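Note sheet for the following structure.
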Amino acid sequence: MVTVALPDTWVYALRLPHDPRAARVARMTVRAALHSHGREEVLDTVELLTSELVSNAYRHTHGPASLRLTALSGGRLRVGVWDSHPHIPAPFAGPPRDRVPPAPAGAEGGRGLFLVQQYADSWGGWALGGRPAGAGAGKLLWFEVGGRRHGS
């Protein structure tokens, strides 16, 4: 009898329309995938940070976005969110990483990227397309949890 072991690396991808409900759909997808793979220990963090990145993609672009959830070796989990705007915001810029200060009390926004630097183990971003600003193929922002902390 042959025993089949499920792989501990896997990938889910989701294309999201430019819709105010996209962050909720992304959260539900992340929750279902992580539950099915027994990764509840990172579920709250991944769900929160995914929601923030997808919400920013909706707020700051006029096109679709994509979500990619990848289980990597060593128990790491990477989430990538693509959108059509080429600007890489802090704290995703390359080394030395820019830091985002906490949002002022009473501010209606400005907390999402601060949360990434507080709760993700590592993060980064890539402009795609290699064209002049505003004419590229957008950007990919990513974060990882479950590994050594590199973003501090």
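Across region 16-54, what is the number of residues that are open to solvent by less than 70 Å² (accessible area, probe 1.4 Å), outside any helix (DSSP H, G or I) and under 21 Å from Ala65 (Cα atoms)?
2
Could you check, for region 58-75, whether at least one of its residues is modelled with pLDDT of 95 or more, in contact with a strand residue (DSSP E or B) (Cβ under 6 Å, 6 or more places away or on another chain) and open to solvent by 50 Å² or more (accessible area, probe 1.4 Å)?
Within region 58-75 (the criterion being modelled with pLDDT of 95 or more, in contact with a strand residue (DSSP E or B) (Cβ under 6 Å, 6 or more places away or on another chain) and open to solvent by 50 Å² or more (accessible area, probe 1.4 Å)), the answer is yes, since at least one residue qualifies.
What pairs come out if I take residues in region 75-95 that are closer than 17 Å to Leu49 by Cα and pair them with residues that are at pLDDT 90 or above and among the charged types (D, E, K, R) whose C-beta lies under 6 Å away, six or more apart or interchain?
Arg76/Glu144; Arg78/Glu144; Gly80/Arg68; Ile88/Lys139
Going by what's in this entry, would Pro96 be described as open to solvent by 30 Å² or more (accessible area, probe 1.4 Å), modelled with pLDDT of 90 or more and not polar (S, T, N, Q)?
Details: open to solvent by 30 Å² or more (accessible area, probe 1.4 Å): yes; modelled with pLDDT of 90 or more: no; not polar (S, T, N, Q): yes.
Taking the combined requirement at face value, the residue does not satisfy it.
If we scan region 133-141, do we find a residue that is open to solvent by 50 Å² or more (accessible area, probe 1.4 Å), modelled with pLDDT of 65 or more and in contact with a Pro (Cβ under 7 Å, 6 or more places away or on another chain)?
No, there is no match, as no residue in region 133-141 is open to solvent by 50 Å² or more (accessible area, probe 1.4 Å), modelled with pLDDT of 65 or more and in contact with a Pro (Cβ under 7 Å, 6 or more places away or on another chain).
Can you name the residue in region 69-88 that is in contact with a helix residue (DSSP H, G or I) (Cβ under 7 Å, 6 or more places away or on another chain) and of a type in the set (A, V, I, L, M) and, of all such residues, is farthest from Gly129 (Cα to Cα)? Lay out the reasoning, then the answer.
Step one: of region 69-88, the residues in contact with a helix residue (DSSP H, G or I) (Cβ under 7 Å, 6 or more places away or on another chain) are 69, 77, 79, 81, 83, 85.
Next, only the ones that are of a type in the set (A, V, I, L, M) stay: 69, 77, 79, 81.
On the way: Leu69: 22, Leu77: 26, Val79: 20, Val81: 16 Å.
Among those residues, the one meeting the criterion is Leu77.
For residues that are modelled with pLDDT of 85 or more and under 21 Å from Pro86 (Cβ atoms), tally how many sit in region 118-132.
So the answer is 6.
Right, Asp83: closer than 12 Å to Gly125 by Cβ and at pLDDT 90 or above or not?
Details: closer than 12 Å to Gly125 by Cβ: yes; at pLDDT 90 or above: yes.
Answer is yes for this residue.
Go through (1) closer than 25 Å to Trp126 by Cα; (2) in contact (Cβ under 8 Å) with a residue 40 or more places away in the chain for Asp8 and report which single condition fails.
Result: Asp8 fails condition (1) only.
The values are calculated or read from the model by the stated rules, or taken from the named source; none is laboratory data. Quick caveat: nothing in here was measured; it's all calculated off a predicted structure. So basically every Cβ, Gly included, is an ideal-geometry build from the backbone, and we count neighbours across all protein chains shown. SASA here: full protein model, heavy atoms, side chains in, ligands and nucleic acids out. Shrake-Rupley method; radii C 1.70, N 1.55, O 1.52, S 1.80 Å.
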